[in-house]
Amino acid sequence: MIADKVIVRKRSACETMGSATTICILTLNQMKVTKFWPGQDPIGEDPNSSSIATNVLNLIQQGVALNTTGSHSLGMEMEKLKQNYTILLVEAFNSEKKRSRVSIRSTTTKDDNSTIHVHWKGAAEIILAMCSSYYDVFGRVKNMDGNKRMIFEKIIADMAASSLRCLALAHVQIPGQEGHELKEDGLALIGLVGIEDPCRPKVRKAVDDCQKAGVNVTMITGDDVFAAREIATECGILRLDDQDMNDTEAVAEGEVYWNYTPEERLERVGKIRVMARSFPGDKLLMVQCLKEKCHVVAVTGRGTNDSQSLKEANIGLCMGIMGTQVAKESSDIIILDDNFASIPKVLGWGRFSGESIFHVNDRVKDTMILNTSVLCQVFNQVNARKLEKKNVFKGIHKNKLFLGIIGMTIVLQMAVVELLKKFTDTESLSMGKWGACLGIAVLSWPIGWF
């Protein structure tokens, strides 16, 4: 299993994984900036100091260097920036509010009550709503009226339609004597950032393998509906030739799903392929609803906020590289290389022995077992006619009632398998699989003679 980049923390999880009917996955979260809008004018994918006004560049460097854990360009000297400012207060990113904040004061001034700079970063539409002005590309502060706000909103929508995650940077100054009072309005927008959050490597083939094995794959993300739909299409979760693309119930927002009645949640949960704008509570609720509908649910996770969902799921799969210690301890299986392509391998370990997971799924297997059992009973009824004689067919054509019961049993069984599968949770069988069931049942016939 180590060779497949997987560590199994609980042995029973392998067997349970073989029965999985739904896998809830996350996006890669290895993000790269592909667009940047200081004001309402875009600049290159890899901006440099010459393309941004000096005062705006300084604000970006302060906000990014002191309010993030990622890697950056823009010619930043990270350590020097940290030495030049004292961090007064940090509000870490909150998945409920979808924003973070840092309050800083320059260490190069002797005045203890010098100006405090407060930098905000978060979901673009949330930060934009807190702004009343913005910096243009030349570093001038301009008032944000209704028309300007609509332009920014269109920029955000266009980036989302291009499957980019859109973040915003904003800034406000407050006098030092005001302390650390939180100011949540009147901010100045520094810029909008378009970030690419691609699917995991080889994820499309892995998703296709899971779907061929009869396992539904659902993507749960904090992105808005437009970006989430694009990413899901890229990964193969939504297909251009699939009815899901035109099914409004296939893509849902976390808040909308949360506001459904319990009955509506249960009715729609099996149809959802993409959960957008989701919070940790939405993910947990979805797992609970899937389990209530008798699904066997596997969930991927990496953050501390995912720990409840990992515990609640039948199988919790944690990312080994990016996963937190809390998430790993809450999981059953750890994917060492953070690659979704390892999940079909785990699925294969627990599947029906001797059968490829890409040919017979659990529902087909269960249907064949049921079908064979019923057909065995049909032949057993024939054997039971003459317990003391080996010629069990003598006089059978004269017993119309017996023949009627046998015929009705077979017809009802065919109806259960082929017509009533929605109610009986069975799957249609091909002629070959019907033949296999009949062949196994026939073998039980001569056994009754001895």
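Between ARG363 and GLU234, take the C-beta separation as r, use R0 = 41 Å, and let me know the FRET efficiency to the nearest 0.05.
Rounded to the nearest 0.05, the efficiency is 0.90.
Take the Cβ-Cβ distance between GLN83 and SER132 as r, set R0 to 25 Å, and report the resulting FRET efficiency rounded to the nearest 0.05.
0.20
Which sequence of TYR135, TYR257 reflects their accessible areas, 1.4 Å probe, from the largest down?
In descending accessible area the options line up as TYR135, TYR257.
With a 1.4 Å probe and all protein chains in place, put PHE152, PHE379 in order of accessible area, largest first.
Sorted by accessible area, descending: PHE379, PHE152.
Can you compute the FRET efficiency between ALA436 and ARG11 using 1/(1 + (r/R0)^6), with r the Cβ-Cβ distance and R0 = 25 Å? Round to the nearest 0.05.
0.20
Once you put a point 7 Å from the Cα of LYS394 and another 7 Å from the Cα of GLN325, both along the Cβ direction, what distance in nm separates them?
8.1
Between ASP145 and ASP425, what is 0.36 nm times their sequence separation minus the Cα-Cα distance? Round to one decimal in nm.
95.1 nm
The values are calculated or read from the model by the stated rules, or taken from the named source; none is laboratory data. In this text the structure is predicted, and so the values were computed from the model without any measurement. Cβ: placed from backbone, ideal geometry, glycine included. Neighbour counts: every protein chain shown. All accessible areas refer to the heavy atoms of the entire protein, side chains included, with ligands and DNA or RNA removed. Shrake-Rupley method; radii C 1.70, N 1.55, O 1.52, S 1.80 Å.
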